[in-house]
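The values are calculated or read from the model by the stated rules, or taken from the named source; none is laboratory data. As the structure is a computational prediction, the values presented were derived from the model and not from experiment. Reconstructed Cβ throughout: ideal geometry from the backbone, glycine too, with neighbour counts over all protein chains shown. For the accessible areas, the whole protein counts, side chains as well, though only heavy atoms, and no ligand, DNA or RNA atoms are used. Shrake-Rupley method; radii C 1.70, N 1.55, O 1.52, S 1.80 Å.
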Amino acid sequence: MPAKAGKVDRSHKGEAAPDVTFAGPDGKPTSLASFRGKPVLVNLWATWCAPCIQEMPTLDALAGEGKLKVVAVSQDLEDGKAAAPFLAKHGWKNLAAYSDPKLGLSTGLNANLPTTILYDAAGKELWRVQGAMEWTGADARALLGEAAAG
């Protein structure tokens, strides 16, 4: 399992998600605004990022539970073509292949990889964690519980 992630950062609490587009699994432009109405966990990752890959199995398991929308957005530069084959190769079936080859999200959020951000139903940030985390463990469950309360 991944090592415990860095500290939970609440310094951006209440900030709106950046208004940038990225590619959905179908290759069409989408944005974080399209997920408003329900809490969403956004994960910025890349195929070359070892801590990102470490946490992917638990993100995939969390996504499979269906209790929270998990949007893992690849920051690979290969015109969005790296994510889908990489997810398939590892057998991660619950994460859709979102991609951001222009790095609009990581730049707009001033985020290094991996960074995971929980947004409430109104699209406002609750917290972010930089570094790999075990997303099905007790610490993560407590943090994710804030989505319902937030």
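Tabulated values for the structure
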item	result
Complete set of residues in region 75-92 that are touching a Lys or Arg at 6+ places or on another chain (Cβ under 9 Å) and surrounded by fewer than 16 Cβ atoms within 10 Å (Cβ to Cβ)	Leu77
Residue that is nearest to Ala72 (Cα to Cα) [pool: residues in region 116-128 that are touching an Asp or Glu at 6+ places or on another chain (Cβ under 9 Å) and of a type outside the set (A, V, I, L, M)]	Thr116
The one condition in (1) closer than 11 Å to Val42 by Cα; (2) open to solvent by 40 Å² or more (accessible area, probe 1.4 Å) that Glu146 fails to fulfil	(1)
Pairs with Cβ under 6 Å, 6+ apart, first in region 77-88 and within 13 Å of Trp48 (Cα to Cα), second among the aliphatic types (A, V, I, L, M)	Ala83/Ala97; Leu87/Leu95; Leu87/Ala97
Residue tally, condition closer than 15 Å to Thr136 by Cα and either modelled with pLDDT under 95 or in contact with a Ser or Thr (Cβ under 8 Å, 6 or more places away or on another chain) (or both), over region 66-83	3
Among residues of region 93-135, those that are of a type in the set (A, V, I, L, M, F, W, C), open to solvent by 30 Å² or more (accessible area, probe 1.4 Å) and under 17 Å from Ala50 (Cα atoms), counted	1
Residue match in region 91-101 (condition: within 21 Å of Gly64 (Cα to Cα) and in contact with a Pro (Cβ under 6 Å, 6 or more places away or on another chain))	yes
Residues that are under 18 Å from Asp100 (Cβ atoms) and not in a strand (DSSP E or B), drawn from region 12-29	Ala17, Pro18, Asp19, Val20, Gly24, Pro25, Asp26, Gly27, Lys28
Test for Pro57: is it farther than 21 Å from Gly27 by Cα, of a type outside the set (Lys, Arg) and modelled with pLDDT of 95 or more	yes
Residue that is over 12 Å from the mean Cα position of the chain (by Cα) and within 18 Å of Pro101 (Cα to Cα), where the choices are Gly37, Gly80	Gly80
Some residue of region 1-10 being modelled with pLDDT under 95 and of a type in the set (Val, Ile, Thr)	yes
